[in-house]
1. Please list, ordered by first then second residue, the pairs with beta carbon atoms under 7 Å, 6 or more apart or interchain, first in segment 36-49 and closer than 15 Å to Val118 by Cβ, second open to solvent by 70 Å² or more (accessible area, probe 1.4 Å) and assigned to a helix (DSSP H, G or I).
2. What about Ala61, is it of a type in the set (Gly, Ala, Ser), in a helix (DSSP H, G or I), surrounded by 16 or more Cβ atoms within 10 Å (Cβ to Cβ) and under 15 Å from the mean Cα position of the chain (by Cα)?
3. Tell me, please, whether a residue that is among the hydrophobic types (A, V, I, L, M, F, W, C) and touching a Lys or Arg at 6+ places or on another chain (Cβ under 8 Å) can be found in segment 22-32.
4. Across segment 1-17, which residue is surrounded by the most Cβ atoms within 10 Å (Cβ to Cβ) among those that are at pLDDT 95 or above and in contact with a helix residue (DSSP H, G or I) (Cβ under 9 Å, 6 or more places away or on another chain)?
5. Is there any pair linking a residue in segment 105-120 that is outside any helix (DSSP H, G or I) to one that is hydroxyl-bearing (Ser, Thr, Tyr) and buried (at least 17 other Cβ atoms within 10 Å of the Cβ), with Cβ under 8 Å and at least six apart or on different chains, and which?
6. When you go through (1) in a loop (DSSP other than H, G, I, E, B); (2) at pLDDT below 95 one by one for Asp39, which number turns out not to apply?
7. Which numbered condition trips up Arg28, out of (1) open to solvent by 50 Å² or more (accessible area, probe 1.4 Å); (2) free of Cβ contacts under 8 Å to residues at least 24 places away in the same chain; (3) in a helix (DSSP H, G or I)?
Amino acid sequence: MSIRIVRLGTPRAPDEGLRVGTVRRPPRGVPKTEFASQDWYDVWYPNLAPSVEAMKQAQEAQKAGSPAQWNAFVRKFKAEMAEPDASRSLDLLAALSHGTSLSVGCYCEEESRCHRSVLRSLLAERGAKIVD
């Protein structure tokens, strides 16, 4: 029983459980009926995705390679995740990780420059049982 932080569209790990897509938009060119079978996600949950403004900030930071820009994105995204609805969602996922297996993820290739790295730390702060 745990949470995995994954890149959507990658093969599922054994016993991974429900895969939650914490992305703003569904994968392009993939029929909705094939999201799960193609290992994208079982449930789309954009409530834990960065806002459009924050996504643009993260993309600019990735292009520039600037640690200062990336840190500004992290602060903004953490502020968004501190809002009541997002915070309660994180609390729920953390609690569920002790009784069921699930995964959360997005499309980014490199986790260290992706909002899922922030989600990993926020879930860990809440006591989630996280598996690599």
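1. Close Cβ pairs (under 7 Å, with a partner that is open to solvent by 70 Å² or more (accessible area, probe 1.4 Å) and assigned to a helix (DSSP H, G or I)) amount to Asn47/Asp85.
2. Spelling it out, it is not the case that Ala61 is of a type in the set (Gly, Ala, Ser), in a helix (DSSP H, G or I), surrounded by 16 or more Cβ atoms within 10 Å (Cβ to Cβ) and under 15 Å from the mean Cα position of the chain (by Cα).
3. Looking through segment 22-32, none of the residues is among the hydrophobic types (A, V, I, L, M, F, W, C) and touching a Lys or Arg at 6+ places or on another chain (Cβ under 8 Å).
4. The qualifying residue surrounded by the most Cβ atoms within 10 Å (Cβ to Cβ) is Ile3.
5. Gly105/Thr22; Gly105/Tyr41; Cys106/Thr22
6. With (1) in a loop (DSSP other than H, G, I, E, B); (2) at pLDDT below 95 applied to Asp39, the lone miss is (2).
7. Condition not satisfied by Arg28: (3).
Let's see how each residue does on (1) open to solvent by 60 Å² or more (accessible area, probe 1.4 Å); (2) of a type in the set (D, E, K, R); (3) over 19 Å from Ile5 (Cα atoms):
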{"residue": "Glu34", "(1), (2), (3)": "yes, yes, yes"}
{"residue": "Asp39", "(1), (2), (3)": "no, yes, no"}
{"residue": "Ala82", "(1), (2), (3)": "yes, no, yes"}
{"residue": "Leu90", "(1), (2), (3)": "no, no, no"}
{"residue": "Cys108", "(1), (2), (3)": "no, no, no"}
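The values are calculated or read from the model by the stated rules, or taken from the named source; none is laboratory data. All figures in this text were calculated on a predicted structure; none of them were measured in a lab. Cβ sites come from the backbone with ideal geometry, for glycine too, and all protein chains shown count toward neighbours. Side chains are part of the model used for accessible areas, which takes the heavy atoms of the whole protein and leaves out ligands, DNA and RNA. Shrake-Rupley method; radii C 1.70, N 1.55, O 1.52, S 1.80 Å.
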